[in-house]
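None of the figures in this text is laboratory data; all of them are computed from the coordinates on show. Everything numeric here is computed off the predicted structure, so don't read it as measured data. Positions of Cβ are backbone-derived with ideal geometry, glycine not excepted, and every protein chain shown enters the neighbour counts.
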Amino acid sequence: MGSAGRTRRAALLVVPPIVALLLTALCVLGYLLCGAMGIPLRLRLPLPFRVLGLLVLAVGFGVYIWLWRYRSPADILVSTYVSWTKILRGVPREKPAERSEPLVVTGPHRHVRHPLYAAAMLLVAGWWLLLDYTVLLVLAASMFLWFNFVVAPFEERELAALFGREYEAYAKRTPRFVPSLRRRAGTDAVSGPPV
């Protein structure tokens with residue numbers, strides 16, 4: 001088995017449990033925070049909010065399905081694993097390591113730079129609205145802070161180092177998590193290679 005095969009196997013074995021552990025830790029922290037601040041476990045949201053939760057869940061799942069047309073879940077896990085190992089080993093961002101996929105600017109990436117993170121936040125927010133557990137609201141807020149201030153900035157610096165001006169131009173015209181309602185001039189001609 002080659003180096004790429006070992007990396008792929010390690011990614012598939014390591015990333016899902018770490019993500020599950022991180023989400024569990026954030027849920028426990030949210031539960032403890034709610035208890036310490038005297039926030040009720042349920043806010044007794046009215047029925048329209050619960051129905052809205054179904055709509056938000058549908059959008060979140062839809063974004064994932066759309067994303068997987070352009071990047072397979074396995075490829076996403078591999079790039080996540082490679083980025084994590086680069087951080088832990090202190091490898092310079094410029095070094096491609098085994099992250100060799102092209103820059104994706106089509107599909108959901110045409111509208112937001114981080115559709116995976118946006119969909120994850122939508123799913124947690126949708127579950128909060130549907131189930132009305134305050135800890136899920138805290139989890140959604142925690143995920144937003146984590147993605148916005150830790151993960152996305154690192155990943156964007158890494159992508160800028162790997163793809164240079166091409167990524168910088170893409171980042172200037174494409175919002176991070178929330179699509180712009182304004183039509184962006186010149187974006188119809190931009191497609192780029194899918195991953």
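Yes/no per residue for (1) touching a residue at least 40 places away in the same chain (Cβ under 8 Å); (2) in a helix (DSSP H, G or I):
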residue	(1), (2)
Pro16	yes, yes
Leu29	yes, yes
Leu33	yes, yes
Ile39	yes, no
Val59	yes, yes
Trp66	yes, yes
Val82	yes, yes
Val91	no, no
When the range 21-54 is examined, which residues are found to be surrounded by 13 or more Cβ atoms within 10 Å (Cβ to Cβ) and either under 19 Å from the mean Cα position of the chain (by Cα) or within 30 Å of Ala4 (Cα to Cα) (or both)?
Leu22, Leu23, Leu26, Cys27
Looking at (1) of a type in the set (A, V, I, L, M); (2) over 24 Å from Ala10 (Cα atoms); (3) outside any helix (DSSP H, G or I), find the lone condition where Leu103 falls short.
(2)
Where Leu131 falls short, out of the listed (1) of a type in the set (A, V, I, L, M, F, W, C); (2) surrounded by 15 or more Cβ atoms within 10 Å (Cβ to Cβ); (3) under 20 Å from Phe49 (Cα atoms)
(2)
Within the range 55-89, how many residues are in contact with a helix residue (DSSP H, G or I) (Cβ under 8 Å, 6 or more places away or on another chain), among the basic types (Lys, Arg) and loosely packed, with under 15 Cβ neighbours inside 10 Å?
1
